[in-house]
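The values are calculated or read from the model by the stated rules, or taken from the named source; none is laboratory data. These numbers were taken from a predicted model, which means no experiment stands behind them. Every residue, glycine as well, gets a Cβ built from its backbone with ideal geometry; the counts of neighbours run over all protein chains shown.
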Amino acid sequence: MGVYNVIDTKTLCPKCHKPVEWQSKHLIYDGFVLANLLENIVLNERMEGEMHTFCDKCKTGFDADIINGQITNIEYRKPIKKLKY
Ligand SMILES: [Zn+2]
């Protein structure tokens, strides 16, 4: 994990409907990639990208797309495979 921006949205956990913090995976504003500086980002129609969250309450991860500032395509995150040695 690295540094990210926090998406300022009231979008709740899609599974248990608790407040969660959505973090940007990448965010493009007017064609420019926004640097990840732990800033609060209010979405507008000139932004697109992806964001994700992990809900502490129900232990579920979600990914979502941001298209024209709108949050769409919220999906369960694929489980991270554990490496075996
Ligand atoms: Zn949840």
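Pairing each residue of the range 13-31 that is more than 16 Å from the ligand (Cβ to nearest atom) with any residue that is of a type in the set (Ser, Thr, Tyr), provided the two are 6+ apart or on different chains, yields C-beta distances under 7 Å for 24/4.
Would you point out the residue of the range 51-85, among those that are assigned to a strand (DSSP E or B) and free of Cβ contacts under 8 Å to residues at least 24 places away in the same chain, that is farthest from the ligand (Cβ to nearest atom)? Per the stated criteria, the residue is 67. Looking at (1) in a loop (DSSP other than H, G, I, E, B); (2) within 16 Å of the ligand (Cβ to nearest atom); (3) at pLDDT 95 or above, which one does residue 43 not meet, given that it meets all the others? So residue 43 meets the others, but not (2).
Okay, residues lined up against (1) β-branched (Val, Ile, Thr); (2) over 12 Å from the mean Cα position of the chain (by Cα):
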position: 15; (1), (2): no, yes
position: 18; (1), (2): no, yes
position: 27; (1), (2): no, no
position: 33; (1), (2): yes, yes
position: 52; (1), (2): no, no
position: 60; (1), (2): yes, yes
position: 66; (1), (2): yes, no
position: 69; (1), (2): no, yes
position: 72; (1), (2): yes, no
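Are any of the residues in the range 35-50 without any contact (Cβ under 8 Å) to a residue 12 or more places away in the chain and among the small types (Gly, Ala, Ser)? So far as the range 35-50 goes, yes, one or more of its residues are without any contact (Cβ under 8 Å) to a residue 12 or more places away in the chain and among the small types (Gly, Ala, Ser).
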